[in-house]
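The values are calculated or read from the model by the stated rules, or taken from the named source; none is laboratory data. Being a predicted model, the structure only gives us computed values, none of them experimental. Virtual Cβ from ideal backbone geometry, glycine too; neighbours counted across all protein chains shown. To get the accessible areas, we keep the full protein, side chains included, count just its heavy atoms, and leave off ligands, DNA and RNA. Shrake-Rupley method; radii C 1.70, N 1.55, O 1.52, S 1.80 Å.
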Amino acid sequence: MSFSTSIITLFPELFPGPLGVSVLGRSLSDRLWSLQATQLRDFATDRHRTVDDTPSGGGAGMVLKSDILARAIDLVSPQGDARPRILMSPRGTPLTQQRARQLALGPGIVIVCGRFEGIDQRAIDTRALEEISIGDYVLAGGEVAAMVLLEAVVRLIPGVLGDADSHADESFESGQLEYPQYTRPQRFEGVEIPPVLTSGDHGKIAKWRAEQSLALTQARRPDLLQPGKP
Ligand code: SAH
């Protein structure tokens, strides 16, 4: 069974978007993963296909209605569906490489994209939605956030990136930022590739990379070096 992703959104035409090109796009055509984008508006019941209403208690904007969201979620992810149900939300747990790795080992993901002021809390509670944030800023909708989550997860699905080793060294995988990379030409605008990298001494190269990673992490992201970090 391939990794199955379902998106509930008011803008299904945005998908696969950037997920349809390059390695992820090829693995989508090769059915290593699947993507189904469902139009939330199809679950509206009135003539105007209304999906939102004004916030109870007052205030600006509109709120996506719980009954319509629940109907969409129940159809896309019926009882017994083992896939985690995720709501993209600035209030959610920040997305990490560790969570992306866990999700990639599972059967797939169901993602709800919010819009406007957000969604009725009862849809979150009754459908046990896990709220995930992609960062401490507010987007206009959950679609781009869902693409970020999917892009982080899908590239980790076994078989999607040809070389399994290419994950091991990356930023965050080791708990540190990645060392600087170089490739030919040997000399660019007067700057040489660090000689150790062309020395052929694999022990020295590994040591240099480890030092560079640590120095970069200390300078830019000392928080990653705190004990207890994923
Ligand atoms: N009023 C809400 C923000 C709504 S933004 C609040 O203050 O919390 C509209 C939608 O965009 C949200 O429902 C969510 O799906 C999406 N969104 C906005 N920022 C996001 C973020 N940082 N991470 C993930 N999703 C986000």
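For this structure, a couple of remarks:
- Mean accessible surface per residue for the chain, computed with a 1.4 Å probe while every protein chain stays in place, in Å²: 58
- One Cα centroid belongs to region 170-230, the other to region 29-90; the line between them spans 43 Å.
- The shape of region 60-129 comes out oblate: with a ≥ b ≥ c from the C-alpha gyration tensor, a/c is at least 1.5 while a/b does not beat b/c.
- Carbon plus sulfur fraction of accessible area for region 169-230, probe 1.4 Å, in percent: 54
- Three-way shape label, region 1-111, alpha-carbon gyration tensor, a/c 1.5: prolate
- Estimated [θ] at 222 nm from DSSP helical runs (n ≥ 4, -39500 (n - 2.57)) normalised by residues in the chain, nearest 500: -8500 deg cm²/dmol
- Computed over the chain, the range of Cα coordinates on each principal axis works out to 71, 40, 36 Å, biggest value leading.
- A simple spin-label model places pseudo-atoms 7 Å from Cα toward Cβ; at SER22 and THR45 they are separated by 4.5 nm.
- Cα coordinate range in region 155-230, projected on the principal axes (Å, largest first): 41, 34, 25
- GNM top mover of GLY135, GLY162, GLY25 - the chain, alpha-carbon springs below 10 Å: GLY162
- Overall, the accessible surface of region 3-154 at a probe of 1.4 angstrom is composed of carbon and sulfur to the extent of 53 percent.
- Segment THR198-GLU173, extension gain: residue separation times 0.36 nm, minus the distance between their alpha carbons: 6.5 nm
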